[in-house]
2 protein chains.
Amino acid sequence: MVDNQSAADILNHMVLDRSPKLDRVFHALAHPARRAILRSLADREANLSELAAPLKMSFPAASKHVKVLERARLVHRRIVGRSHLCRVEGKALEEASQWLESYRRHWERNFLRLDALLDQMKAQERDTPQTPLKSEGDS
Amino acid sequence: MVDNQSAADILNHMVLDRSPKLDRVFHALAHPARRAILRSLADREANLSELAAPLKMSFPAASKHVKVLERARLVHRRIVGRSHLCRVEGKALEEASQWLESYRRHWERNFLRLDALLDQMKAQERDTPQTPLKSEGDS
DNA sequence: AAAATCTGAAACCACATGGTTGACAATCAA
DNA sequence: TTGATTGTCAACCATGTGGTTTCAGATTTT
């Protein structure tokens, strides 16, 4: 059941941090028009016309942006009559937020640790100035 | 000083939620290879070769990905000798995380409010099924 | 029934993105 | 000096993205 190809796929998957879900969410958030749409939907449902109106682009363009948000599961569409009502879907956003927050916290801990380490190294250098401590002259 | 063009630009800016910084950060996070690079840099500094090694792509391709992370201010590069040492830069990440978290919290509050509202509507609809309620609060 | 409205789909275009290869510069090690 | 390591740059290519216009379908309104 596990041939070479799929084994390579698994490795690739692991090392490459593949997550099509995160791909789609972050890509969706990377465009100002789509963030504007999310902002429009922050408080109330809205149909496509209402969403497209403030955007300075054609209707089909705005519609495509909404589709991108839908693919990322950031927006859900409910068709009632000829009106397509959109609302925010929180789950995907929460996952992206968790990914970001976990990394941020990890790096924050590291920064604290590194700062302490650097302080320690500087203090030690004042005592025994032997090794020139190469990381001093960065930007 | 404020002609029509720049006034339109300002409006566009406001309604479109423009933030090239967020554009760059989210776009940088939207590719699995770049998230993998960030993961490699989670604990230690690394030079480009070390970053490129686990990625299944050519060296220049990996180098481009690092450049994207640099443009987004997610990674900082320090050149020592022929080695380009990269480390994570926390500030841009923190801003993106704050943006996401603020929206997530806002929507979370709204979901609670909406859930209550929907329950209320369902109960009311069982009593008097009249209008399907298109959008009560139109701007 | 007829007209207006809301939306989707398709065709098209300009440009960005993600990948390759090959040549080249700089640095370190022998 | 020779050679290996590290990384950049330019050219090129395939595909994706973001925008337009045009046409057609479904739905509401008159």
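The values are calculated or read from the model by the stated rules, or taken from the named source; none is laboratory data. If you're wondering where the values come from, they're calculated on a predicted model, not measured in any experiment. For neighbour counting, all protein chains shown are included, and Cβ atoms are generated from backbone atoms with ideal geometry for every residue, glycine included. Side chains included, ligands, DNA and RNA excluded: accessible areas come from the protein's heavy atoms. Shrake-Rupley method; radii C 1.70, N 1.55, O 1.52, S 1.80 Å.
For B:Val68, the test of being more than 11 Å from chain A (Cβ to nearest Cβ), in a helix (DSSP H, G or I) and within 20 Å of A:Ala28 (Cα to Cα) is passed.
In the set (1) touching a residue at least 24 places away in the same chain (Cβ under 8 Å); (2) open to solvent by 50 Å² or more (accessible area, probe 1.4 Å), the condition left unmet by A:Leu74 is number (2). Within region A:77-101, the set of residues being within 16 Å of the chain's Cα centre (by Cα) and either of a type in the set (D, E, K, R) or open to solvent by less than 70 Å² (accessible area, probe 1.4 Å) (or both) comprises A:Glu89, A:Gly90, A:Lys91, A:Ala92, A:Leu93, A:Glu94, A:Glu95, A:Ala96, A:Ser97, A:Trp99, A:Leu100, A:Glu101. Look at (1) charged (D, E, K, R); (2) within 12 Å of DNA strand C (Cβ to nearest atom); (3) more than 8 Å from chain B (Cβ to nearest Cβ) and you find that A:Arg34 fails only one, number (2).
Of everything listed in (1) facing another protein chain (nearest Cβ under 10 Å); (2) modelled with pLDDT of 90 or more, the single unmet condition for B:Tyr103 is (2). Entry remark, region B:37-61: residues being more than 8 Å from chain A (Cβ to nearest Cβ), outside any helix (DSSP H, G or I) and open to solvent by 40 Å² or more (accessible area, probe 1.4 Å) number 5 in total.
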